[in-house]
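Every read-out reported here was derived from the displayed coordinates using simple, explicitly stated rules and does not represent laboratory data. Everything numeric here is computed off the predicted structure, so don't read it as measured data.
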Amino acid sequence: MRERIETILLFVSVVIMMVWFAMTVWCDLFHKDDEIIRQEHEREARRLERMEMIKQYEKEGRFK
């Protein structure tokens, strides 16, 4: 009986650790706070500005 209880407790502890690990990975990959969202918006705005500059240079013949 004692072995069975130890096996069940081991199984439960492994399941808890797996769930904890999965939640940690999920939060690290998909959770974005306000600072990260702001940085992504700034990065996208700079990318769009660069694209506009390249288009302008192409019109002027300075960029091939």
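Any idea what angle helix 2-30 forms with the longest principal axis of the chain, computed on alpha-carbon atoms, 0 to 90 degrees, nearest 10?
Tilt of helix 2-30: around 10 degrees.
Using only the alpha-carbon atoms, how far is helix 34-60 inclined from the longest principal axis of the chain? Give it as 0 to 90 degrees, nearest 10.
30
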